Amino acid sequence: MPTNKLSDVQIFRRLIHIARPYWLQISSIFTLEILAAPLILLMPLPLKLAVDNIIGSAPLPEFLSILIPHSFENNKLALLVLATSLQVIIVLLIHFRGLISYVFQISTGEKLNLIFRGRLFRHVQKLSFAFHDKRGTADSIYRIQYDAPSIQLIIIYGLIPFISSMAILVAMIYVTARINLHLALIALTVIPFLFFLSYVCIQRIRPRYKDVKKMESHALNIVQEVMTAVRVVKAFGREEREQERFMHHSDKTARQRIRLSYSEGLFGLLINLVTAIGAAAVLFIGIRNVQAGILTLGNFLIVTTYITQLYKPLEMMNRNIATLQTSLASAHRAFELLDETPDVIEHAHAQPLKHAQGAVTFDNVSFAYDDTPNILTNISFSIQPGMRVGIAGKTGVGKTTLLSLMTRFYDPSSGEIRLDGVNLQEYKLTDLRNQFAIVLQEPVLFSTSIAENIAYSKSNATENEIISAAKAAKVHDFIKTLPEGYATLVGERGMRLSGGERQRISLARAFLKNAPILLLDEPTSSIDTKTEDNIMQDMESLMQGRTTFMIAHRLTTLKNCDIVLTIGDDQKIVSDLNLSQPTI
């Protein structure tokens with residue numbers, strides 16, 4: 001279902017479905033909110049006793065005369081003690097109920113946030129590179145971090161208070177009508193006007209909230225870009241330019257929020273004006289009824305208290321309708337992300353793959369990003385297990401894309417890629433990707449310890465296995481010189497280490513994975529020649545017995561390859577070297 005066609009009701013249904021594991025907690029919150037109705041109805045009772053039964057001489061209400069001893073009825077002091085005690089007890093019950101409800105709301109709301117964020121994060125990781133290339137990371141981060149709480153805001157602070165306010169409203173209308181039907185009807189005349197105002201508010205505010213969310217996401221994107229490339233920003237002295245760009249977008253967001261606050265303030269003013277008119281009408285007619293003897297002063301005080309309380313749930317309901325718009329806009333954006341379909345999908349009957357032999361075949365493969373011209377055109381070659389394949393060509397001709405197609409980061413636009421004679425799309429995705437160890441031009445390290453970075457390729461690796469992999473990558477001796485050894489934190493993206501050290505840790509990760517196919521994407525282009533020679537010697541042992549694909553600009557780096565595939569400007573393989581064995 002396309003998300004842009006989702007109605008509010010459909011969004012509510014989907015959120016409620018996600019919240020089903022916590023139905024017991026949500027039911028408890030709802031019950032506690034409903035309990036507010038009888039407690040609020042009891043609030044004016046002590047005042048009625050004081051006015052009609054202690055100061056005046058009216059008989060006790062029937063339900064109360066049944067509950068208290070008969071001797072209390074003519075004892076003014078006893079009734080005064082009863083009234084004041086009831087006042088304290090009712091207030092305590094109201095606030096105790098509020099405290100328990102608050103604790104439940106916070107605990108349940110945070111759990112709902114967690115489950116919704118987790119679902120969004122899991123889905124984002126499943127989306128293909130094409131989605132991330134097009135959308136960028138900041139927008140997804142914003143939706144996970146700031147749009148996901150909409151489930152808490154809508155269910156815990158939106159739906160439940162709205163329904164409980166409805167219950168309180170119905171209860172107050174009933175009690176008020178029992179006391180004086182005429183005044184109840186007068187008070188209710190404002191309801192159609194309140195809901196009309198809410199409808200107008202929804203139509204005007206919802207689109208603006210969506211715009212604000214987009215603007216905030218854009219501002220976050222600028223922050224994420226600058227923080228990621230802070231060395232480049234400083235190197236070119238562009239701090240002020242980036243500051244201006246961030247402030248420009250933030251200022252647009254702030255101005256839009258200010259305009260929204262005017263609309264919300266005007267809506268609140270109109271709501272209060274309408275309810276004030278209703279209360280004034282009740283006050284005028286009520287006093288006239290007291291003067292005419294139709295209504296006792298105590299009952300008039302109860303009715304006016306109820307009318308005041310009657311308008312509070314009405315105001316809350318209408319304000320909830322208004323404030324829900326930002327939460328619904330966030331929920332819409334969150335479901336928009338959830339409804340994104342991965343370009344690379346795993347077939348329902350995909351077959352498992354334990355350990356590949358390493359035979360790779362490209363059969364007339366072409367690839368293009370969306371509607372752009374082909375990056376690769378009619379690529380065909382066949383590689384036997386254990387062979388070393390060099391890939392050469394100018395920048396931008398599709399060398400890295402070729403490797404990305406092997407791991408199914410993308411699927412070809414046409415043609416077929418086979419591993420051990422089976423189309424890649426027939427394998428389970430996780431099993432397929434477990435057959436590849438990848439060493440990139442810019443090694444990717446996480447801001448954790450060296451040991452955890454090496455073990456990233458094998459989550460259940462033992463300490464001995466991690467050390468063995470580090471020794472194979474010739475990085476163990478360096479790690480031992482660090483004060484904290486393998487527990488040393490590498491900093492964000494490994495920036496506390498040199499380029500060569502980062503690359504050797506990345507190489508150790510590949511040793512540990514022990515996959516049958518090795519993909520090397522210009523692994524030595526960012527380091528000096530001496531370090532490159534040393535790393536290439538270490539890679540020799542890593543490449544032993546594995547099918548290896550290596551991208552390099554310098555042909556000397558590919559001198560030990562069995563075959564070198566050169567991709568020309570027309571995105572086709574135009575030449576090959578060392579043609580003694582493979583078929584092109």
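The values are calculated or read from the model by the stated rules, or taken from the named source; none is laboratory data. Note that the structure is predicted; figures quoted are calculated from it, not measured. Every residue, glycine as well, gets a Cβ built from its backbone with ideal geometry; the counts of neighbours run over all protein chains shown.
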Just one listed residue, out of 282, 290, 274, is surrounded by 12 or more Cβ atoms within 10 Å (Cβ to Cβ), without any contact (Cβ under 8 Å) to a residue 24 or more places away in the chain and either part of a helix (DSSP H, G or I) or not small (Gly, Ala, Ser) (or both), and it is 290
Starting from residues that are buried (at least 18 other Cβ atoms within 10 Å of the Cβ) and of a type in the set (D, E, K, R), keep the ones in the range 383-406 and report whichever is farthest from the chain's Cα centre (by Cα). 388
Looking only at residues that are surrounded by fewer than 16 Cβ atoms within 10 Å (Cβ to Cβ) and hydrophobic (A, V, I, L, M, F, W, C) in the range 434-450, which one is farthest from residue 356 (Cα to Cα)? 446
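Looking at this structure, is residue 89 in a helix (DSSP H, G or I), at pLDDT below 90 and farther than 30 Å from residue 430 by Cβ? Spell out how you get there, then give the answer.
Numbers: in a helix (DSSP H, G or I): yes; at pLDDT below 90: yes; farther than 30 Å from residue 430 by Cβ: yes.
When the stated conditions are applied, residue 89 passes them.
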Cβ-Cβ distance below 8 Å, separation of 6 or more or different chains: which pairs start in the range 463-479 with a residue that is in the same structural domain as residue 535 (by TED's automatic domain parsing) and end on one that is charged (D, E, K, R) and not in a helix (DSSP H, G or I)? 465/458
Restricting to the range 539-558, what's the tally of residues that are among the small types (Gly, Ala, Ser) and farther than 22 Å from residue 401 by Cα? 2
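Can you pull out every residue in the range 425-469 that is of a type in the set (Val, Ile, Thr), within 11 Å of residue 512 (Cα to Cα) and part of a helix (DSSP H, G or I)? Break it down stepwise before answering.
Start the filter on the range 425-469 by keeping residues that are of a type in the set (Val, Ile, Thr), which leaves 430, 438-439, 444, 448, 450, 454, 462, 466-467.
Of the ones still in play, those that are also within 11 Å of residue 512 (Cα to Cα) are 454, 462, 466-467.
Listed by number, the residues that qualify are 454, 466, 467.
Specify which of the listed residues (177, 167) is aliphatic (A, V, I, L, M), in a helix (DSSP H, G or I) and touching a residue at least 40 places away in the same chain (Cβ under 8 Å). Break it down into steps so the answer makes sense when it comes.
Values: 177 fails: touching a residue at least 40 places away in the same chain (Cβ under 8 Å).
Going through 177, 167 in turn, just one is aliphatic (A, V, I, L, M), in a helix (DSSP H, G or I) and touching a residue at least 40 places away in the same chain (Cβ under 8 Å): 167.
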Evaluate the range 130-144: report whether one residue or more is hydroxyl-bearing (Ser, Thr, Tyr), under 10 Å from the mean Cα position of the chain (by Cα) and either within 25 Å of residue 340 (Cα to Cα) or surrounded by 20 or more Cβ atoms within 10 Å (Cβ to Cβ) (or both). yes
Any residue at all in the range 73-80 that's exposed (fewer than 14 other Cβ atoms within 10 Å of the Cβ) and of a type in the set (D, E, K, R)? yes
Go through (1) surrounded by 16 or more Cβ atoms within 10 Å (Cβ to Cβ); (2) closer than 30 Å to residue 328 by Cα and name the single condition residue 242 misses. (2)
Only one of these conditions is not met by residue 380: (1) outside any strand (DSSP E or B); (2) in the same structural domain as residue 516 (by TED's automatic domain parsing); (3) surrounded by fewer than 20 Cβ atoms within 10 Å (Cβ to Cβ). Which number is it? (1)
Filtering the range 455-475 down to residues that are crowded, with 19+ Cβ neighbours inside 10 Å and under 29 Å from the mean Cα position of the chain (by Cα) yields 455, 457
Looking at (1) out of contact with any Leu (no Cβ under 6 Å at 6 or more places or on another chain); (2) modelled with pLDDT under 90, which one does residue 142 not meet, given that it meets all the others? (1)
Among the residues of the range 485-526, the number that are in contact (Cβ under 8 Å) with a residue 40 or more places away in the chain, in a helix (DSSP H, G or I) and among the aliphatic types (A, V, I, L, M) is 5
For residues that are part of a helix (DSSP H, G or I) and within 17 Å of residue 157 (Cβ to Cβ), tally how many sit in the range 1-50. 18
Can you confirm whether residue 253 is part of a helix (DSSP H, G or I), under 22 Å from residue 145 (Cβ atoms) and among the hydroxyl-bearing types (Ser, Thr, Tyr)? yes
